[in-house]
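Values quoted throughout were computed directly from the atomic coordinates according to the rules given, and no laboratory measurement underlies them. Remember, predicted model here, so these are calculated numbers, not experimental data. In this analysis, Cβ positions are derived from the backbone assuming ideal geometry, glycine residues included, and neighbour counts consider all displayed protein chains.
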Amino acid sequence: MKEKIRIFLGTDLLEKYLLGTTTLEESMQVERYIAMYPEVRKTYDELQANLETFAKLHSLKTPEGLKAKILNRIKAQNTGRRKFQRYAIAASITAFLFAGSSYFFWNQNQNLQDENVIVNNKIRNLEEDMKEQLEDVRNQFIVLNNPQTKKYTVNGNKKAKELKAVAYINPVKKLSYINVRSLPNLPDNQCYQMWAEVNGEMVNLGVIKNVDDKDRLRPLPYAENAVGYITIEPQGGNDTPTVQNIVANISY
């Protein structure tokens, strides 16, 4: 394989092109390489197939009923605005008799504006959530398909022999994920919790609730020589890790 093709495939341009995040110049470069080099075309086709499979496995459902609620709220706003317009015309004709009614209509308009802000904020928050989730899916896709990603098998100690996990670390893209495949059962008053020691600071990564979704990747904060831990904590989690209850170490 030519050196320039090897260098090109070592970048994430193909992944970014598939996800629609390349610049115009980058898109032109990718399309040129796909057209000129069979090796690039083959890799592109494989990534495209992997992305379709990955997207199906990690498809995100819109919260049930949210679309209907937003549409009903918008419909209600439009109805309210039409009523307000009719009220305003009537008020202008009879203003000399009902001067005080102007405040009522002003208040109605303010309420409609407030409701509009609420609906717009909900839509904006939903868009932000979707954007963050798409970015996370993109990062997972890069980690799983980039040849520079390192894979580490994580096993539990004597306290949790059945614990199995796989860590994926990409030092070039500075991305880290872990896939917890198996966890031993615990009493109802205990839970598993993940931690990461990054630059001397302990970061709480939250409680591992279950492993029903064995394909789920959990993000790890990336740092050189970082260390991750899985501990047994009281139900609901702890603010600091219980050192004597460490059941797995993750060095990355």
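Some values worked out for this structure:
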item: Listed peptides 127-134, 193-200 by packing density, highest first (mean Cβ within 10 Å); result: 193-200, 127-134
item: Taking N as its residue count, the alpha carbon Rg of the stretch 3-57 over 2.2 N^0.38 Å; result: 1.10
item: Computed FRET value (nearest 0.05) for residue 6 with residue 166, which takes r as the C-beta separation and R₀ as 25 Å; result: 0.40
item: Loop trypsin sites (Lys or Arg not before Pro), the stretch 179-252, which have at most 10 other Cβ atoms in a 10 Å radius of their Cβ (DSSP); result: 209, 214
item: Inter-site label distance for residue 218 and residue 31 at 7 Å from Cα along Cβ, in nm; result: 4.3 nm
item: Packing-based ranking, highest mean first, of 164-170, 234-240 given that Cβ atoms within 10 Å are counted; result: 164-170, 234-240
